[in-house]
1. Checking Ser31 against (1) at pLDDT 80 or above; (2) among the small types (Gly, Ala, Ser); (3) under 20 Å from Glu134 (Cβ atoms); (4) surrounded by 15 or more Cβ atoms within 10 Å (Cβ to Cβ), which test does it fail?
2. Select from the stretch 62-86 the residues that are more than 18 Å from Ser124 (Cβ to Cβ) and β-branched (Val, Ile, Thr) and list them in ascending order.
3. Do we have Val108 as within 19 Å of Asn49 (Cβ to Cβ), among the aliphatic types (A, V, I, L, M) and in contact (Cβ under 8 Å) with a residue 12 or more places away in the chain here?
4. I'd like the full set of residues that are touching a strand residue (DSSP E or B) at 6+ places or on another chain (Cβ under 7 Å), of a type in the set (Gly, Ala, Ser) and closer than 18 Å to Phe113 by Cα, limited to the stretch 48-75.
Amino acid sequence: YYQSISNSRRIILENNLSSGDIIECFYTPKSSLNGPISNNKPNITWSINNSPLNTNGRFIIEFADSTDENFNTIIYSALTNYQISKKSYNSIVSLTNAVAGDKFIYRVKNEKFYQPISGETIYSFRYSDVNEIEITSNNGNTY
């Protein structure tokens, strides 16, 4: 098999499938945190394929309620600036007042700012996959 050039989420099989064949596919998100967490201060880690050549960008971790699939209301966020030649990043996000049973979704927004020779700054952004977490304990929470 090989990955499609036009759609990175498509796998192309080189051989025919026969009745009874079993295909198993596993997806591992680039972000390290999914599922249950034990406190309201998760350490979010992520990586990028190409390290920045300049510091004209940043990452923003955005948290929303688990029912807000479009991230209309960002409840918590954290900002991390680009670092030259760095591919792996992390940030501890304080989910203030979040307690056991609270469920959230989060994503990492990659923002880039380009300075043309003349004219206004060019802005581009891209989102990571959306990940789900649930706080399962009040350990470490401060009130």
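1. (1)
2. Passing the criteria: Thr67, Thr73, Ile74, Ile75, Ile84.
3. On the way: within 19 Å of Asn49 (Cβ to Cβ): yes; among the aliphatic types (A, V, I, L, M): yes; in contact (Cβ under 8 Å) with a residue 12 or more places away in the chain: yes.
Answer is yes for this residue.
4. Hit for the stretch 48-75 is Gly57, nothing else.
Table: residues versus (1) among the acidic types (Asp, Glu); (2) open to solvent by 30 Å² or more (accessible area, probe 1.4 Å); (3) within 19 Å of Asn131 (Cβ to Cβ).
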| site | (1), (2), (3) |
| --- | --- |
| Ile48 | no, yes, yes |
| Asp68 | yes, no, yes |
| Asn81 | no, yes, no |
| Tyr89 | no, no, yes |
| Ala98 | no, no, yes |
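Table: residues versus (1) over 17 Å from Thr67 (Cα atoms); (2) out of contact with any Leu (no Cβ under 6 Å at 6 or more places or on another chain); (3) open to solvent by less than 50 Å² (accessible area, probe 1.4 Å).
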{"site": "Val93", "(1), (2), (3)": "yes, yes, yes"}
{"site": "Lys103", "(1), (2), (3)": "no, yes, no"}
{"site": "Asn110", "(1), (2), (3)": "yes, yes, yes"}
{"site": "Tyr114", "(1), (2), (3)": "yes, yes, no"}
{"site": "Glu120", "(1), (2), (3)": "yes, yes, no"}
{"site": "Arg126", "(1), (2), (3)": "yes, yes, no"}
{"site": "Thr136", "(1), (2), (3)": "yes, yes, no"}
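The values are calculated or read from the model by the stated rules, or taken from the named source; none is laboratory data. This structure is a prediction, so every number in the text was calculated from the model and none was measured. Note that we place each Cβ from the backbone using ideal geometry, even for glycine, and neighbour counts take in every protein chain shown. The accessibility values were calculated without ligands, DNA or RNA, using every heavy atom of the protein model including side chains. Shrake-Rupley method; radii C 1.70, N 1.55, O 1.52, S 1.80 Å.
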